[in-house]
Amino acid sequence: MRAKIIFPHLLALLLVGVGGYLFLSSALAARSDEALKQNLPVVAGLFDRAEAMRGYEQLAAVRRLSMGRAVSDVFQELDVQMAEGETREAFDRRIRDTWFRKTVQAVETVASELMGEGRKPAIVFITDRNGVVLARNTTPNACPAGRNVAHGMDVVQKALDGEANFSIWSVDGSPFDNKSKGEGHLCSMMSAGLLEFSAAPVWGRDDQVAGVLAVGFEVSNGAAAEKAASIAMELAVIHAGEVYSTSLMGDTARQHLNKVIKGSDVALRMRRAFSSGAPSEVFPLTVGTEQYLAVAAPVSTSSARDAIGYLFMESVDGARSYTKPLYVYLLIVALGVLLVIVIGYLLGNYFMKPVMAIEEGLLKIINGEYDYRFDVESAEVGGLSYRINQLVNVFTDQEESSEDET
């Protein structure tokens, strides 16, 4: 009887409770995934605009410095007179040395002023009107002047055409690669990596471009982690199909991500994003055991040949974190189950105790104790015990006692 009291109520509660949890969790998860699919491309677009604004800020600083006296004086005629007895060759060499020192001082001044503004340049260099490097701030004497970088750097060529601009460049594939042939390199500068260049034309007194001031800012390996904190999702900087920098912690996660990116599906999506110049559609991404929804987006300021882009990743479990309060719902259901069991057991005892007393009494009468009478105090079965007493009296020819007798 106890089972008959407990089981139906327990089954009903479990069906309603667990069914409600599954329905709510699946509905919230679907809503979360849909919100992610809508938000990821928006975040990618806003992030690219924010990065462009930061690039414009750097470019504005470089442009302002290109108009400063330290840089403009490089292209002014030197006030140097030939000394008595000095040969023309010696005089020309002294002019070149003086001009070189002046140019080096100019790039060092630019680097110093940028450092004072909280911007740390990886390299500063000045070219002439043909794109030939005059001097640079990083170990200038280790690299002779005369290298033409305009042929391989669009950012410099545009500045020579009078347009201040900025772009992300790969050291490996840029004119700074010391393994490249011809005049398309600036000598060995630094280890492979990414540089964000800002280049501004330097105008001469004839209102013509006299040269270019170019500043390169390193895109560090920690850039992804810094940028990811601002958008509250995981981020990876992708260069030439490889993870250059990622906010995912640990070498294992980076290796898994690299492996996934080289997969045919993800690689195809990224190539389409780079070729179209727009963020890809949202697609699922599995890194190790973690599930993500991701968007691949090109860096608008990078050249197509460098294929530099961002991979925005939002953890599916993280996005569904607001469904965790549903565990409270499950806890309430569990408490309800416990209450059903306890209350069902107590109710079963309440009803079973007088029934068992009647059963024992009937057994005594069957065994010959005809004088035995039932005295069960129960609102539910007390009347039944009285009627059984009446029935026994009829069969034993005894007078029925009044209910008021004591």
- Message: Cβ-Cβ distance below 6 Å, separation of 6 or more or different chains: which pairs start in region 44-69 with a residue that is surrounded by 14 or more Cβ atoms within 10 Å (Cβ to Cβ) and end on one that is modelled with pLDDT of 85 or more and β-branched (Val, Ile, Thr)?
- Response: Ala44/Val295; Val62/Val215; Leu65/Val110; Ser66/Val202
- Task: Sort out which residues of region 108-140 are within 15 Å of Ser198 (Cβ to Cβ) and among the hydroxyl-bearing types (Ser, Thr, Tyr), and write them in order of number.
- Result: Thr127
- Could you grab me the full set of residues in region 336-387 that are touching a Phe, Trp or Tyr at 6+ places or on another chain (Cβ under 7 Å) and surrounded by fewer than 16 Cβ atoms within 10 Å (Cβ to Cβ)? Lys364, Glu380
- Note on the structure: Note on Asp73: of the conditions (1) at pLDDT 75 or above; (2) surrounded by 15 or more Cβ atoms within 10 Å (Cβ to Cβ); (3) touching a helix residue (DSSP H, G or I) at 6+ places or on another chain (Cβ under 9 Å), unmet is (2)
- Of the residues that make up region 219-235, is at least one at pLDDT 85 or above, buried (at least 20 other Cβ atoms within 10 Å of the Cβ) and β-branched (Val, Ile, Thr)? no
- Item | Inter-residue pairs, beta-carbon under 8 Å, first farther than 10 Å from Met313 by Cα and in contact (Cβ under 8 Å) with a residue 60 or more places away in the chain and in region 282-297, second assigned to a loop (DSSP other than H, G, I, E, B) and not hydroxyl-bearing (Ser, Thr, Tyr), 6+ apart | Ala297/Ala278; Ala297/Pro279
- Of the residues that make up region 344-353, is at least one farther than 30 Å from Leu11 by Cβ, modelled with pLDDT of 80 or more, part of a helix (DSSP H, G or I) and out of contact with any helix residue (DSSP H, G or I) (no Cβ under 8 Å at 6 or more places or on another chain)? no
- Message: Scan region 239-247 and tell me whether some residue there is assigned by TED's automatic domain parsing to the domain that holds Phe283 and farther than 14 Å from Gly309 by Cα.
- Response: yes
- Message: part of a helix (DSSP H, G or I), modelled with pLDDT of 80 or more and more than 32 Å from the chain's Cα centre (by Cα): which single residue out of Glu360, Glu369 fits that description?
- Response: Glu360
- Pair list, Cβ under 6 Å, 6 or more apart: region 104-119 residue not assigned by TED's automatic domain parsing to the domain that holds Ala135, other residue part of a helix (DSSP H, G or I): none
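For every residue, the table says whether it meets (1) in contact with a Ser or Thr (Cβ under 8 Å, 6 or more places away or on another chain); (2) among the acidic types (Asp, Glu); (3) assigned to a strand (DSSP E or B).
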{"position": "Ser198", "(1), (2), (3)": "no, no, yes"}
{"position": "Val202", "(1), (2), (3)": "yes, no, yes"}
{"position": "Asp206", "(1), (2), (3)": "no, yes, no"}
{"position": "Val212", "(1), (2), (3)": "yes, no, yes"}
{"position": "Val215", "(1), (2), (3)": "yes, no, yes"}
{"position": "Glu218", "(1), (2), (3)": "no, yes, yes"}
{"position": "Lys227", "(1), (2), (3)": "yes, no, no"}
{"position": "Val237", "(1), (2), (3)": "yes, no, yes"}
{"position": "Val243", "(1), (2), (3)": "no, no, yes"}
- Looking at this structure, is Ser275 of a type in the set (Ser, Thr, Tyr), more than 21 Å from Asp317 (Cα to Cα) and part of a helix (DSSP H, G or I)? yes
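The values are calculated or read from the model by the stated rules, or taken from the named source; none is laboratory data. Model, not experiment: these values are computed from the prediction. Note that each Cβ is placed from the backbone with ideal geometry, even for glycine, and that neighbours are counted across all protein chains shown.
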